[in-house]
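Scroll down for the structure; my scribbles are underneath it.
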Amino acid sequence: MSTGLKDVDYSLEKIMQDAEDFLPLWGTDYVELYVGNAKQSAHYYKTAWGF
Amino acid sequence: MAYAGLETGVKDRTSYVLQQDKIRLVLTTPMTPDSPINEHIREHGDGVKVIALWVPDARKAWEETTKRGAKSFMEPIKEEDEHGYVVRSGIHTYGETVHIFVERNEYKGPFMPGYRAWKSHYNPPPTGLKFIDHMVGNVGWGEMNTWVDFYARVMGFAQLVSFDDKDISTDYTALMSKLMRTGNGRLKFPINAPAEGKKKSQIEEYIEFYNGAGVQHIAVATNNIIETVSALKDRGVEFLYVPPTYYDDVLDRVGEIDEDLAVLKEHGVLVDRDDEGYLLQLCTKPVLDRPTMFFEIIQRKGAKSFGKGNFKALFEAIEREQENRGTL
């Protein structure tokens with residue numbers, strides 16, 4: 001009993017016709033957080049989140 | 001994965017770069033009292049400063065966006081080391097958040113010039129997080145159109161869908177949400193703004209504690225939400241509580257799904273369906289002391305929407321937390 005639905009992944013193909021690809025944008029490169037103690041935050045994201 | 005600090009000749013800050021599959025997090029802290037990073041932390045607490053976007057040409061991205069009205073944060077700069085070069089440029093978005101355009105086609109090093117590889121003997125296993133599905137910004141009263149217009153006009157995004165206060169309200173609070181997306185769907189930035197309600201909405205609570213607009217949550221995708229959420233819980237990540245009554249009629253709403261409902265209920269995973277399929281999602285409690293930023297775990301089985309059918313259940317869950325904090 002499966003719905004046969006696949007996980008969604010995105011290619012570079014244009015799916016939103018209203019969008020104007022003058023840049024273009026290929027995806028998220030990184031996210032940077034400003035934090036009070038980077039060493040301890042890094043330990044949290046490694047331990048709890050598996051980064 | 002990479003590190004910059006005193007040992008690499010950087011005196012005013014320390015940055016750690018962490019990676020899980022396609023998700024890269026950079027954690028930066030100030031090292032001197034006069035660093036502007038202190039001011040950001042004083043105002044906002046810990047939070048997202050940079051949403052960096054991967055582009056083929058960072059100089060062109062800066063020129064095109066500033067020409068269309070974006071406020072410059074950083075003029076294009078080319079940095080190189082023995083691994084090649086990276087070009088970066090930046091513009092401002094909502095609040096004190098910025099977008100940095102990163103051009104790295106000609107770079108083979110660990111992250112970018114100025115960083116060195118960071119090896120550790122301590123490497124806990126990954127939790128199945130694959131990529132950033134979307135990042136949501138909270139903006140203040142009356143700012144919605146400004147930022148929707150910014151992403152459309154300056155960044156070339158299209159508006160996917162819009163929810164007003166009638167769509168997203170509980171008995172007590174309301175908010176508005178507009179979903180902006182690039183042509184290729186790789187970047188999805190929903191924007192939330194407060195709406196009139198009987199009590200203080202989660203958006204107002206965020207704006208109050210963050211002292212302005214900023215990133216509300218980062219939604220990370222997994223291919224197995226049950227395994228991911230179990231692993232995260234075992235390691236201490238706290239999730240919003242979903243009342244068992246949510247599951248009473250969930251299959252009537254979403255129809256057939258691959259997952260065992262009892263297991264979804266055990267972990268409090270929410271389900272929603274759209275024309276193309278369904279999705280599974282769950283939000284953490286704020287990961288900071290200030291009730292500001294949190295994470296969402298999402299698994300998409302065909303669905304490309306954002307779980308509109310779950311908004312009410314999610315917001316009621318957040319209201320219970322607000323009640324405990326005395327901020328409702």
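A few points about this structure:
- B:Pro110, sole failed condition from (1) surrounded by 21 or more Cβ atoms within 10 Å (Cβ to Cβ); (2) in a loop (DSSP other than H, G, I, E, B): (1)
- Residue within region B:48-61 that is in a helix (DSSP H, G or I) and not hydrophobic (A, V, I, L, M, F, W, C) present: yes
- Scan region B:160-209 for residues that are outside any strand (DSSP E or B) and touching a residue at least 24 places away in the same chain (Cβ under 8 Å) and the total you get is 25.
- Among the candidates B:Thr222, B:Thr228, B:Thr284, residue that is touching a Ser or Thr at 6+ places or on another chain (Cβ under 9 Å), among the polar types (S, T, N, Q), farther than 16 Å from A:Leu5 by Cβ and modelled with pLDDT of 95 or more: B:Thr228
- Selection count where residues are surrounded by fewer than 24 Cβ atoms within 10 Å (Cβ to Cβ) and farther than 22 Å from B:Val55 by Cα, scope region B:215-224: 3
- So B:Tyr246, is it assigned to a strand (DSSP E or B), in the same structural domain as B:Ala219 (by TED's automatic domain parsing), surrounded by 12 or more Cβ atoms within 10 Å (Cβ to Cβ) and not charged (D, E, K, R): no
- Pair list, Cβ under 7 Å, 6 or more apart: region B:42-65 residue facing another protein chain (nearest Cβ under 8 Å), other residue hydrophobic (A, V, I, L, M, F, W, C) and in a helix (DSSP H, G or I): B:Val55/B:Ala61; B:Thr65/B:Val154
One line per residue, one yes/no per condition, for (1) over 16 Å from A:Val31 (Cβ atoms); (2) of a type in the set (Asp, Glu); (3) at the interface with chain A (Cβ under 10 Å from one of its Cβ atoms):
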| residue | (1), (2), (3) |
| --- | --- |
| B:Glu96 | no, yes, yes |
| B:Phe101 | no, no, yes |
| B:Arg104 | no, no, yes |
| B:His121 | yes, no, no |
| B:Ile132 | no, no, yes |
| B:Val139 | yes, no, no |
| B:Ser162 | yes, no, no |
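- Hits in region B:254-290 (condition: over 19 Å from B:Arg235 (Cβ atoms), crowded, with 20+ Cβ neighbours inside 10 Å and more than 11 Å from chain A (Cβ to nearest Cβ)): B:Leu264, B:Leu270, B:Val271, B:Asp272, B:Gln281
- Put simply, of B:Thr14, B:Thr32 the only residue that is of a type in the set (Val, Ile, Thr) and touching a helix residue (DSSP H, G or I) at 6+ places or on another chain (Cβ under 6 Å) is B:Thr14.
- Of all residues in region B:8-41 being small (Gly, Ala, Ser) and more than 20 Å from the chain's Cα centre (by Cα), the one that is nearest to the other protein chains (Cβ to nearest Cβ): B:Ser35
- Restricting B:Leu27, B:Leu53 to those that are farther than 21 Å from B:Val148 by Cα and not assigned by TED's automatic domain parsing to the domain that holds B:Ile191 reduces the list to B:Leu27.
- B:Thr327 fulfils the conditions (1) polar (S, T, N, Q); (2) out of contact with any strand residue (DSSP E or B) (no Cβ under 8 Å at 6 or more places or on another chain); (3) surrounded by 18 or more Cβ atoms within 10 Å (Cβ to Cβ); (4) assigned to a loop (DSSP other than H, G, I, E, B) except for a single criterion, (3).
- When restricted to residues that are of a type outside the set (Val, Ile, Thr), in contact (Cβ under 8 Å) with a residue 60 or more places away in the chain and crowded, with 22+ Cβ neighbours inside 10 Å, region B:16-34 contains 1.
- Candidates B:Arg153, B:Arg104 - the one that is in the same structural domain as B:Leu175 (by TED's automatic domain parsing) and either within 26 Å of B:Arg181 (Cβ to Cβ) or exposed (fewer than 15 other Cβ atoms within 10 Å of the Cβ) (or both): B:Arg153
- Reported count of residues in region B:178-201, each being away from chain A (no Cβ under 14 Å) and buried (at least 23 other Cβ atoms within 10 Å of the Cβ), is 5.
The values are calculated or read from the model by the stated rules, or taken from the named source; none is laboratory data. The structure displayed is predicted, hence computed values, not measured ones. Note: ideal-geometry Cβ built from the backbone for every residue, glycine included; neighbour counts use all protein chains shown.
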